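The values are calculated or read from the model by the stated rules, or taken from the named source; none is laboratory data. Just so we're clear, the structure is a prediction, and the values are computed from it rather than from any experiment. Here the Cβ is made from the backbone with ideal geometry for all residues, glycine too, and neighbour counts use every protein chain on show.
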Amino acid sequence: MFSIRTTPPPAAVSRLAARYLTTISSAFGTTTHTLPATPGHYNSKTLSRFTIPIFSSPSTNTKLFSNLPPQTKRTMSSAVAKRLAGKTIVITGASSGIGRSTAFEFARTAPNHGLKLILTARRVDALEQIAKEIRQEVGEGVQVLPVKLDVSQPEEVRGFVGNLPEEWRDIHVLVNNAGLVKGVAQAPSIAEEDINVMFATNVTGLINMTQAILPIFKARGSEGGSGDIVNIGSIAGREPYAGGSIYCATKAAVRSFTDALRKELIATRIRVMEIDPGQVETEFSVVRFYGDKNKADAVYAGVDPLTPDDIAEIVVFVVTRRENVVVADTLVFPSHQAGAGIMHRKST
């Protein structure tokens, strides 16, 4: 069968249990187990969640875990959660899609570490609902501040930091997610209004938000500054396509700005990162087709697109690397996609 000596000191037993957790559980099956009481022998910060392997021999269970303290559920600090401890994160365009999912992903990753989320969008009612849902899911361990903000309006962005409560101004992470696309018109038939709103939101808005937050980052630490900027770009910024010339141009501008900013901040601890999704199913296509849901649905017919949650996981991943690790450039496709216009569609 399987045996483990019980003579090592208690700390070694705890480490041994963690080390063999995956192997043992796959061989014998796992279940949640109430941990026996012997205070002081277990480091409560070593595991984020402990699932106890159950052996066919009850005596083996008793011997192996005799030095672990009581608790049916353990919500402990993982390395990732610790890196978010006490941080304040700004997410633009947080009322739906990738922004909304990113808010939930940060909250779920560090639910008990003093995390503060500043969620911005034009639809403040949607933000308030998200804040309510986050509290219901993770409790009061994460604070959420909904802020009405249209990044396409420079005066609103200029007043953003100054209008925050004092205790919310020490910002550590900026996720520039707000963006949109309007229409599929080709030159010379592209509406001037569509051109202006795409550039004002996707480019000028992103740059203005970055300039509003960057002084906070540069004032932190002893190495010229510290903080994270995550820009949500697009495959469109790498591969322009017909019917998307203006949107593609805006995302190419984001890519150039991101790369230049990273070089400008090379002597600091400020990380500048870009995530470029391929096809993601959000309200994106509904907005592109001016609210026509049928046309939007046709975009995803026969394919299995990425979800906002997929991109949110990557946002949280890049932010929670060690400070010396910069995941500078990430291109993300669903499995059916190989380029901006190269997709496999299943026959319906």
Item checked: Considering residues of region 300-348 that are closer than 30 Å to Leu265 by Cα and touching a Pro at 6+ places or on another chain (Cβ under 6 Å) only, the residue surrounded by the most Cβ atoms within 10 Å (Cβ to Cβ) -> Ile311
Margin query: Among the residues in region 273-293, are any modelled with pLDDT of 95 or more, among the hydrophobic types (A, V, I, L, M, F, W, C) and crowded, with 19+ Cβ neighbours inside 10 Å?
Written below: yes
Note to self: Being part of a helix (DSSP H, G or I), within 23 Å of Lys251 (Cα to Cα) and out of contact with any helix residue (DSSP H, G or I) (no Cβ under 9 Å at 6 or more places or on another chain): is that true of Glu128 here?
What the structure shows: no
Item checked: Candidates Ala298, Ala253, Ala249, Ala267 - the one that is at pLDDT 95 or above, part of a helix (DSSP H, G or I), in the same structural domain as Ala185 (by TED's automatic domain parsing) and more than 23 Å from the chain's Cα centre (by Cα) -> Ala249
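Rundown of residues vs (1) over 22 Å from Thr258 (Cβ atoms); (2) of a type outside the set (Gly, Ala, Ser); (3) not assigned by TED's automatic domain parsing to the domain that holds Gly237, yes/no style:
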residue: Ala107; (1), (2), (3): yes, no, no
residue: Val124; (1), (2), (3): yes, yes, no
residue: Glu140; (1), (2), (3): yes, yes, no
residue: Pro165; (1), (2), (3): yes, yes, no
residue: His172; (1), (2), (3): no, yes, no
Next item on the list: Could you tell me whether any residue of region 262-270 is in contact with a Ser or Thr (Cβ under 9 Å, 6 or more places away or on another chain) and closer than 17 Å to Ala340 by Cα?
Entry: no
Checklist line | Residue among Ala219, Ala185, Ala236, Ala242 that is surrounded by fewer than 19 Cβ atoms within 10 Å (Cβ to Cβ) and in contact with a helix residue (DSSP H, G or I) (Cβ under 9 Å, 6 or more places away or on another chain) | finding: Ala185
